[in-house]
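Just so it is clear, none of the values below were taken in a lab; they were calculated from the coordinates. For clarity, every value in this text was computed on a predicted model and none was experimentally measured. When we count neighbours, we look across all protein chains shown, and the Cβ atoms used for this are built from the backbone with ideal geometry, even at glycine.
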Amino acid sequence: MQFDLHRFANFISWVISPVVVAPAAYYAIVTQGYGDDVKSMSYLIVLFFSSTVAPIFLISGLKKIGKISDFNISFREQRFLPLLVLVAVNALGYEFMKHLHPPKLLTGILLFNAVNMVFILLITLQWKISIHLFTFSSSVALLFMQFGTVALWLLLFVPLLMWSRIFLKAHNFMQTLVGGMVGFGVMYVELKWWTGL
């Protein structure tokens, strides 16, 4: 049986996708870092809604009405509207999270998700940065903030994800490289400043 590279690249692209990676990181941070907090489940609900539930419904709805051509939003010109809505979703999540009085890191996640969506949106007006790489590397930065250097081992998946996005012709090398480098650097600097750690 011949190994199907295209299917494997698709598998990698879906497994290490924003709607999988971000909630997995949030789950680890909340359960391992703040599992004893009586409001930990409420934290997870707000984070999951913002990172997974809302994006899935949004993208599915936009695809159904023909505003986007595929679930990965492959065409740069189609990314503006969903990114704009996700800015609002994360800003709303930030407001909800504030009322729970959580650890500062958790409000920072939603605040800077909204800020970084604006950043990505502005880049998207001229260029197609890889949101897959941006989200994965920024999630590693979150885990690094919470768990230390052990989280950096996850960066070994970056070349594999870059390959899959390039192989699928979703991005070129620079779009994946910049997405990965900027995602980690921006999120780390933002949260370092926000938490004062």
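Looking at region 106-184, what % of the alpha carbon pairs are farther apart than 18 Å? Write out the running numbers ahead of the final one.
Values: 1261 of 3081 pairs.
Summing the P(r) tail past 18 Å for region 106-184 gives 41 percent.
As a footprinting exposure proxy, order Thr107, Thr52, Thr195, Thr135 by other Cβ within 10 Å, with the fewest listed first. Please list the in-between numbers first.
On the way: Thr107 22, Thr52 17, Thr195 13, Thr135 26.
Least crowded to most crowded, the residues run Thr195, Thr52, Thr107, Thr135.
Can you pull a Stokes-Einstein diffusion coefficient for region 39-153 at 4 °C (1.567 mPa s), Rh from Kirkwood over Cα pairs, as a whole number of µm²/s?
On the way: Rh = 15.1 Å.
Diffusion coefficient, whole number: 86 µm²/s.
If each residue's Cβ is checked for other Cβ atoms within 10 Å, how do Arg76, Arg7, Arg165 rank with the fewest at the top?
By the 10 Å Cβ count, ascending, the order reads Arg7, Arg76, Arg165.
So, in nm, how far is label Ala28 from label Phe57 when the simple model puts each one 7 Å beyond its Cα toward the Cβ?
2.8
Tell me the Kirkwood radius of region 69-134: reciprocal of the mean inverse pair distance over distinct alpha-carbon atoms, in Å.
Values: mean 1/r = 0.0790 Å⁻¹.
Mean inverse Cα-Cα distance, inverted, gives 12.7 Å.
Can you tell me the orientation of helix 131-147 relative to the chain, as the angle in degrees between its alpha-carbon axis and the longest Cα principal axis, to the nearest 10?
30
Quick one: check the C-alpha center-to-center distance for region 77-95 versus region 126-178, whole angstrom.
20
When only alpha-carbon atoms are used, what values of Rg and Dmax, in angstrom, describe the chain?
16.5, 55
Which chymotrypsin sites (Phe, Trp or Tyr not before Pro) in region 61-109 sit in a loop by DSSP (not H, G, I, E or B) and have at most 15 other Cβ atoms within 10 Å of their own Cβ?
Values: sites: Phe71, Phe75, Phe80, Tyr94, Phe96; in loops: Phe71, Phe75.
Of the chymotrypsin sites (Phe, Trp or Tyr not before Pro), the ones in loops of region 61-109 whose Cβ has at most 15 other Cβ atoms within 10 Å are Phe71, Phe75.
Expressed in nm to one decimal, what extension gain is obtained for the pair His6 and Lys67 from 0.36 nm per residue of sequence separation less their Cα-Cα distance?
Details: separation 61, 0.36 × 61 = 21.96 nm, distance 2.58 nm.
Between His6 and Lys67, full extension yields an extra 19.4 nm.
Given 0.36 nm per residue, what is the gain on full extension from Trp153 to Ser74 after removing their alpha carbon distance, in nm? Present the calculation step by step, with values, prior to reporting the outcome.
Values: separation 79, 0.36 × 79 = 28.44 nm, distance 2.87 nm.
Gain in length upon complete extension: 25.6 nm.
Around Ala114, with a cut-off of 12 angstrom between Cβ atoms, what is the net charge of the other residues, counting Lys and Arg +1 and Asp and Glu -1? Present the calculation step by step, with values, prior to reporting the outcome.
Details: positive: none; negative: Glu95, Glu190.
Net charge around Ala114: -2.
With +1 on the Cβ of every Lys and Arg and -1 on the Cβ of every Asp and Glu, and nothing else charged, how large is the dipole of region 1-81 about its Cα centre, in debye rounded to the nearest 20?
On the way: 7 positive and 5 negative charges, 71 e Å.
So the magnitude is around 340 debye.
Please report Val150, Val20, Val189 as a ranked list, fewest other C-beta atoms within 10 angstrom at the top and most at the bottom. The partial results should precede the final answer.
On the way: Val150 9, Val20 16, Val189 12.
Final ranking by Cβ density, sparse to dense: Val150, Val189, Val20.
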